[in-house]
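One structure is given below, encoded as structure tokens.
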Amino acid sequence: MILLAVTTAIAVAETYFSAWLPVPGAALQLLNFLVSVAISTFLFACLFRFLPDRRIAWRRVWVGAAVTAMLFAVGKLANRRLADGRILGRKDCQLPDSLARSSRLIIGLSSSVNLPERSRRT
């Protein structure tokens, strides 16, 4: 929720106040990316440190959180560019709708499948 609020505020500043701000739009996009990665790193670090049953050293937690946050941010950027049609080079395709439909289908199928439990040998 925090990440969404911060990135939305930066995007609004870029869109509506770019004429008054002395900062170019590319710098605001870079700032948005860096803030997103920093907040995601902190949130993933909290998850990796306090969620497992075992204690993990902070050094490993920060490395794992940073790598995960970078992959998360790159995936979010690629998804946005794919939805805009910039990767495929087509603006007329209905890609966001098809992505939403396919994700609903995958979630629905994966939640309705009952996998048999593995029997234990005694």
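The values are calculated or read from the model by the stated rules, or taken from the named source; none is laboratory data. This one's a predicted model, so the numbers in the text were calculated from it and none came from an experiment. Reconstructed Cβ throughout: ideal geometry from the backbone, glycine too, with neighbour counts over all protein chains shown.
For R81, the criteria (1) surrounded by 11 or more Cβ atoms within 10 Å (Cβ to Cβ); (2) assigned to a loop (DSSP other than H, G, I, E, B); (3) modelled with pLDDT under 75 hold in every case but one, which is (2). L88 falls short of the stated requirement of being modelled with pLDDT under 65, more than 15 Å from the chain's Cα centre (by Cα), assigned to a helix (DSSP H, G or I) and among the aliphatic types (A, V, I, L, M). Put simply, of A65, A45 the only residue that is under 23 Å from R80 (Cα atoms) and either modelled with pLDDT of 75 or more or in a helix (DSSP H, G or I) (or both) is A65. In the list A26, A19, which residue meets the criterion of being under 22 Å from K76 (Cα atoms) and either of a type in the set (G, A, S) or part of a loop (DSSP other than H, G, I, E, B) (or both)? The conditions single out A26.
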